[in-house]
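A.B. asks: Handing you this structure, nothing more for now.
The values are calculated or read from the model by the stated rules, or taken from the named source; none is laboratory data. For clarity, every value in this text was computed on a predicted model and none was experimentally measured. Cβ sites come from the backbone with ideal geometry, for glycine too, and all protein chains shown count toward neighbours. Surface accessibility is based on the protein's heavy atoms, side chains included, excluding ligands, DNA and RNA. Shrake-Rupley method; radii C 1.70, N 1.55, O 1.52, S 1.80 Å.
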Amino acid sequence: MRSAHGADARRFSLGVASGQPRPDGMVLWTRLTGENLRERETVRWEVADDEQFRRIVARGEESAEAAWGHSVHAELLGLEPGRWYWYRFAALGERSAAGRTRTAPASDAQAALRFVVASCQRYDVGYYAAWRHAAAENPDFVLFLGDYIYETASGSNSIRRHEGTVAKTLREYRDRYATYKSDPLLQAAHRGAPWLMVWDDHEVANDYAGLQSQDLEADFATRRAAAYQAYWENMPFPKSVRPRGADMRIAARLDWGTLARIHLVDDRQYRDPQACPKPGRGGSNTIPLADCPALVDPKRSLLGLEQERWLSEGWDAARPWNLLGQQTLMTRFAWGDPAAGSAVYWNDAWDGYAASRNRLLGVVAAKKLPGVVVLGGDVHSNYVADLKADFDDPRSPVVASEFCGTSITSLSLAQSRVDAVRGFNPHVRFGRSDQRGYLSIELQPARMDVRLQTVDRPLDPASGITTTAHFVVDAGRPGPHDA
C-alpha cells in the first residue's frame, strides 16, 4: 500500500486531524480527495499505542459519503485515559500520513495541562509560521477560537490567493477549506495534537448574527446551512454534531481530570443582531453609547438566553480552574472616556451586549467560582485584562481573568489607536495589535502561565518566534499579573 505524506497524497491531500478528546476516546478525521470517487467509499482506520504501529489497539471502517464531502468522522471509545496514541487511515490503495492524538485524563486523575490558543488564520494575508512553532510545543491540545477560513475574495495585493470569489455555496465553502488545509504547516499542527474548536463569523460571513448577514441577504439561512455543513465536513466533530439545515450545536464541555473544566460556547448562531448598525446594513459599528442605548438593553444576549443558562449551570466549583473558550474580546474596551460621558463602543463584541456580559460575570461573582479564565480571539490583537462584575464601579472586585489572543495571520488596526485609549481602560493590562501569533498556556492546580508567542516576520514562513510577554494567574486570586 502506498503511504501518503501530507499534501503529496492524492486521496488524503487535506491531511488528518483529531479532536474532542475524552478520557476514553476522541474523534479522528480525514476527507477523501481526488477524481472518480463513488457515492460511498470505505475508509479503514487504525490506532496504535506506538509510533511504528507495532501495537494496534483499535481498528475499524467508516463510510465516506459524497453527500458529506467524503469526510470521515471516526468516533473512538474504549481507549485508556491520559495517554498518547497514533492513528492513520487507508482507502483506495493509499494510506494517509500518521497523526498523533491523546485521551483526556480520567475524571479523578491529577494532571497538568499544556495547550495553545489560536484564531483568525486568513490565508491570503500571510504565512503560517506560527503553526510551525505551535506544533513544536507538543501541546496536549490546540484550542482554536474561530475564523478557520475567510469567506472573502482576495485583494489585488494578496500574499497568496483564495480560489474564486466570495464563498456562498456548499461547493465554494468546500473549496475554501481545501485551500486552507493544503498548507503543510497547518496540516502538521492538526497531525500533532487533538483540537477543540468553535467558529466565529468568517466560517460563514463577516459579522453575521443569527440569521442576519451584514448585507441583509434575503435567504441567508440557505447560505448559513451550506457554511455549517462545510465546517462540519472539515473539522473533527462527532456525527452527533452534524448540522441539520442551518442549525449546528457546537457548545460543549470537557473536564481535564481534577484540574479544569473547559467550556466552549457559540457567540454567532444565537445572538441578537448588533445594536445600531450602519444605515441599511447589518453587522458591526463603532458608536457612542449616548447615541445607542440598545448597547445596554438587558433583553439582548450575545449567547442567547438558553446558552447563557447552559453555561451558568455548568460552572464547576470543585475544580480549581474554569476555562471559557469563546470567540471575541469580553472586557470593556472604551474608545472614548466613560467617566466624561463620551464612551464609544464596538458593537460586535461583548461591549455590544453589556447586559449579557454582566449576567455571565455576575454569576461568576455570586458563585465565587475559582480560577475563571476567559480565552478569546477575533480582534487580531493580544489583550490581557481583569474582568469585573461592574466596569463602571472602580471599587468593583476582579472576578475573572481574560487572555484574548492575536491572530495567526489576520491583520489588525494600528497600534497607535490602541495606545491612544489605554487610559480609558485601566483594567486592560496589555494591548498589542501589531503582532501575529498564539497563546502558549501551562496549567497546574495552583498556577496558570500564559506566554504571548509572536512571530518575528509574519510574511516569512520560516520566521522565528518571540515570547512577547509572560503572565501568571494564581488559583483563587482572579486577575493576571506579570510573571
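A.B. asks: For region 62-113, what does the relative contact order come out to in percent, with C-alpha contacts under 8 Å and a separation of six or more?
C.D. replies: This gives 28 percent for region 62-113.
A.B. asks: Additional query: In Å², what does the accessible area per residue of the chain work out to with a 1.4 Å probe?
C.D. replies: On a per-residue basis, 38 Å².
A.B. asks: Taking DSSP loops as anything outside H, G, I, E and B, show the longest stretch in the chain free of trypsin sites (Lys or Arg not before Pro) there with at most 15 other beta carbons within 10 Å.
C.D. replies: In short, 396-483.
A.B. asks: Over the chain, what relative contact order in percent results from Cα pairs under 8 Å that are six or more residues apart?
C.D. replies: 14 percent
A.B. asks: State whether region 230-321 is rounded, prolate or oblate according to the following rule on the C-alpha gyration tensor (a ≥ b ≥ c being the square roots of its eigenvalues): a/c under 1.5 gives rounded; otherwise a/b larger than b/c gives prolate, and the remaining case gives oblate.
C.D. replies: Oblate, because a/c is 1.5 or more while a/b does not exceed b/c.
A.B. asks: If a/c stays under 1.5 just call it rounded; otherwise compare a/b with b/c (prolate if a/b is bigger, oblate if not). Do that for region 397-481, with a ≥ b ≥ c from the square roots of the Cα gyration tensor eigenvalues.
C.D. replies: oblate
A.B. asks: Averaging sequence separations of C-alpha pairs under 8 Å and six or more residues apart, then dividing by the length of region 341-449, give the relative contact order as a whole percent.
C.D. replies: RCO, region 341-449: 24 percent.
A.B. asks: Given points 7 Å out from each Cα along the Cα-Cβ axis, report the residue 211 to residue 165 separation in nanometres with one decimal.
C.D. replies: Rounded to a tenth, the inter-label distance reads 2.6 nm.
A.B. asks: Compute the distance in nm between two label points, each set 7 Å from the Cα along the Cα-to-Cβ direction, one at residue 37 and one at residue 249.
C.D. replies: The two pseudo-label positions are separated by 2.8 nm.
A.B. asks: Checking the a/c ratio against 1.5 first, then a/b against b/c, what shape does the Cα gyration tensor give for region 55-125?
C.D. replies: Since a/c reaches 1.5 but b/c is at least a/b, the shape of region 55-125 is classed as oblate.
A.B. asks: I've got another one for you. Under a Cβ-Cβ limit of 4.7 Å, which cysteines in the chain have nobody to pair with?
C.D. replies: 120, 404
A.B. asks: Residue 221 to residue 462: extension gain in nm, 0.36 nm per residue of separation minus the Cα-Cα distance?
C.D. replies: Separation in residues times 0.36 nm, less the Cα-Cα distance, equals 82.7 nm.
A.B. asks: Need the list of lysines near residue 388 for cross-linking: C-alpha distance under 23 angstrom, and skip anything on the same chain fewer than eight residues off.
C.D. replies: 299, 367, 368
A.B. asks: Kindly work out what percent of the DSSP beta bridges joining two residues of the chain are antiparallel, to the nearest 5.
C.D. replies: Working: 75 of 98 bridges.
Expressed as a percentage, antiparallel bridges in the chain total about 75.
A.B. asks: Once label points are set 7 Å from the Cα along Cα→Cβ at both residue 477 and residue 415, what is their separation, rounded to one decimal in nm?
C.D. replies: Output for this residue pair reads 3.0 nm.
A.B. asks: If I stretch the segment between residue 182 and residue 156 completely, what's the gain in nm (0.36 nm per residue apart, minus their alpha carbon distance), one decimal?
C.D. replies: Gain on extension, residue 182 to residue 156, equals 7.2 nm.
A.B. asks: Can you check what the net charge comes to around residue 68, using other residues whose Cβ is under 10 Å from the Cβ of residue 68 (Lys, Arg +1; Asp, Glu -1)?
C.D. replies: +1
A.B. asks: While we're looking at this one, here's another question. For the chain, find the longest principal axis of its Cα atoms and tell me its angle to the long axis of helix 354-367, 0 to 90°, nearest 10.
C.D. replies: 80 degrees
A.B. asks: Then there is this: How would 262, 465 line up by accessible area, probe 1.4 Å, largest first?
C.D. replies: 465, 262
A.B. asks: May I pose another question? How about region 41-150: which GluC sites (Glu not before Pro) there are in a DSSP loop, with at most 11 other Cβ atoms within 10 Å of their Cβ?
C.D. replies: 51
A.B. asks: Using the alpha-carbon atoms, what tilt in degrees (0 to 90, nearest 10) does helix 170-181 show relative to the longest principal axis of the chain?
C.D. replies: 90 degrees
A.B. asks: Report, to the nearest 10°, how far helix 220-233 tilts away from the longest principal axis of the Cα atoms in the chain, using its own Cα long axis and a range of 0 to 90°.
C.D. replies: Here the helix axis deviates by roughly 50 degrees.
A.B. asks: OK, next. Taking the Cα centre of region 251-355 as origin, work out the dipole magnitude from +1 charges on Lys and Arg Cβ and -1 charges on Asp and Glu Cβ, in debye rounded to 20.
C.D. replies: 120 debye
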